[in-house]
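Peer 1: Submitted below is the structure of interest, expressed as structure tokens.
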Amino acid sequence: MATSRLVSAFPHGGSAWLILTTLAALVAPVALTLYAWRITSNNVASHNQAAFNALALESETELRHRLDSYENALLGANAYFLGSDFVSSREWQTYVRTLNIQQNFPGIDALGYIELVRDSGLDEYTQRVRKDGQSGFTVHGDTRVPPDPGKPPYYIVTYFEPVAVNRLAPGFNLAAEPDRRAAAELARDTGEPTVTRKVTLTRDGQHTAGFWLLHPMYWPGFPLGSVEDRRQALRGWIFAPFVARNFLHALTPSQGDRKSVV
């Protein structure tokens, strides 16, 4: 029998039970410790998962609020144009400076106005902008020298403040750049704010990833009931560029918290 063989392996029968009892006394605390560690780890993981979910929800909510505030900034600039017969470059500079966008709209580093220039109006448009105070204004579709304005129609960055953010922005014909053009035309056709795909921004002479938010602007008094109506009524766009790495900066007070869910 198995019992007799076990006992025969230990000439003194009491020794086997003594060894088993000793092993049990050693193993039991270790097992209890592992069990307690497992329960504690599960509790910590559950707590961290709940905290992570709460942080994700908080971030999503604040992101929506931030995007809404950006849209309101563009809508306000749109209204500023519609309330005036003509907005000069100096007036635009004053308007953007008054908004204090870096403080009140974190993530936006500039506000700009894009004017639609149809096929035959480029020379007249360029002269008007130069007389308005931008004496060196030149339309360009890329960074080649001499600048190439591209083909009509033109979607030209006319005002951009603060201009120190990117001195190459004024005069840029975004119709020559597919991703920006696609977003601008989608905004034009829908009448809704539209975000570009990831684009390359120039900041301090360096290239960085970012995107543009564009809001269409139409001439007052024109019908806007159809896509063709909106195309005919289009005046231009208000836009805001964002540097990708700054977009989510300081989104929530808890953003820097680290949570482990493993």
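Peer 1: Condition test on residue 126, is it surrounded by 18 or more Cβ atoms within 10 Å (Cβ to Cβ), under 23 Å from residue 162 (Cα atoms), hydroxyl-bearing (Ser, Thr, Tyr) and modelled with pLDDT of 90 or more?
Peer 2: Yes, satisfied.
Peer 1: Just one of 84, 69 is closer than 21 Å to residue 215 by Cβ, among the hydroxyl-bearing types (Ser, Thr, Tyr), at pLDDT below 90 and exposed (fewer than 12 other Cβ atoms within 10 Å of the Cβ); which is it?
Peer 2: The unique qualifying residue is 84.
Peer 1: Shifting gears a bit: For the range 176-234, how many residues are assigned to a helix (DSSP H, G or I), touching a strand residue (DSSP E or B) at 6+ places or on another chain (Cβ under 7 Å) and β-branched (Val, Ile, Thr)?
Peer 2: Looking only at that region, the number is 0.
Peer 1: Then there's this: Please tell me if residue 137 is at pLDDT 90 or above and not acidic (Asp, Glu).
Peer 2: Yes: the conditions hold for residue 137.
Peer 1: Still on this structure: How many residues does the range 99-123 hold that are more than 20 Å from residue 167 (Cβ to Cβ), in contact with a strand residue (DSSP E or B) (Cβ under 7 Å, 6 or more places away or on another chain) and in a loop (DSSP other than H, G, I, E, B)?
Peer 2: Counting residues in the range 99-123 that are more than 20 Å from residue 167 (Cβ to Cβ), in contact with a strand residue (DSSP E or B) (Cβ under 7 Å, 6 or more places away or on another chain) and in a loop (DSSP other than H, G, I, E, B) gives 1.
Residues are listed down the side, and each one gets a yes or a no for (1) touching a Phe, Trp or Tyr at 6+ places or on another chain (Cβ under 7 Å); (2) under 23 Å from residue 113 (Cβ atoms); (3) modelled with pLDDT of 95 or more:
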residue	(1), (2), (3)
208	no, yes, no
215	yes, yes, yes
236	yes, yes, yes
245	no, no, no
248	no, no, no
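Peer 1: Quick check on the range 180-201: of everything there that is touching a helix residue (DSSP H, G or I) at 6+ places or on another chain (Cβ under 9 Å) and of a type in the set (S, T, N, Q), which residue is farthest from residue 166 (Cα to Cα)?
Peer 2: Ranking the qualifying residues of the range 180-201, first place goes to 190.
Peer 1: Kindly indicate which of 174, 116 is closer than 30 Å to residue 225 by Cβ, surrounded by 17 or more Cβ atoms within 10 Å (Cβ to Cβ), touching a Phe, Trp or Tyr at 6+ places or on another chain (Cβ under 9 Å) and at pLDDT below 95.
Peer 2: Just one listed residue meets the conditions, 174.
Peer 1: Let me ask something else about it. Residue 244 passes all but one of (1) touching a residue at least 40 places away in the same chain (Cβ under 8 Å); (2) among the hydrophobic types (A, V, I, L, M, F, W, C); (3) under 22 Å from residue 153 (Cα atoms); which number fails?
Peer 2: (3)
Peer 1: Please go through the range 74-89 and pick out each residue that is within 19 Å of residue 134 (Cα to Cα), under 30 Å from the mean Cα position of the chain (by Cα) and not in a helix (DSSP H, G or I).
Peer 2: Of everything in the range 74-89, those that are within 19 Å of residue 134 (Cα to Cα), under 30 Å from the mean Cα position of the chain (by Cα) and not in a helix (DSSP H, G or I) turn out to be 87, 88.
Peer 1: Something else now. Being among the charged types (D, E, K, R) and either within 14 Å of the chain's Cα centre (by Cα) or within 15 Å of residue 108 (Cα to Cα) (or both) is true for just one of 203, 188. Which residue is that?
Peer 2: The match here is 203.
Peer 1: In the range 185-201, which residues are modelled with pLDDT under 90 and surrounded by 17 or more Cβ atoms within 10 Å (Cβ to Cβ)?
Peer 2: If the condition is that a residue be modelled with pLDDT under 90 and surrounded by 17 or more Cβ atoms within 10 Å (Cβ to Cβ), then 201 is the only one that fits.
Peer 1: Okay, moving on. If residue 157 meets every condition in (1) closer than 17 Å to residue 196 by Cβ; (2) at pLDDT below 95 apart from one, which number is that one?
Peer 2: The single condition residue 157 does not satisfy is (2).
The values are calculated or read from the model by the stated rules, or taken from the named source; none is laboratory data. Source: prediction; values computed, not measured. Positions of Cβ are generated from backbone atoms using ideal geometry, with glycine treated the same way; all protein chains shown enter the neighbour counts.
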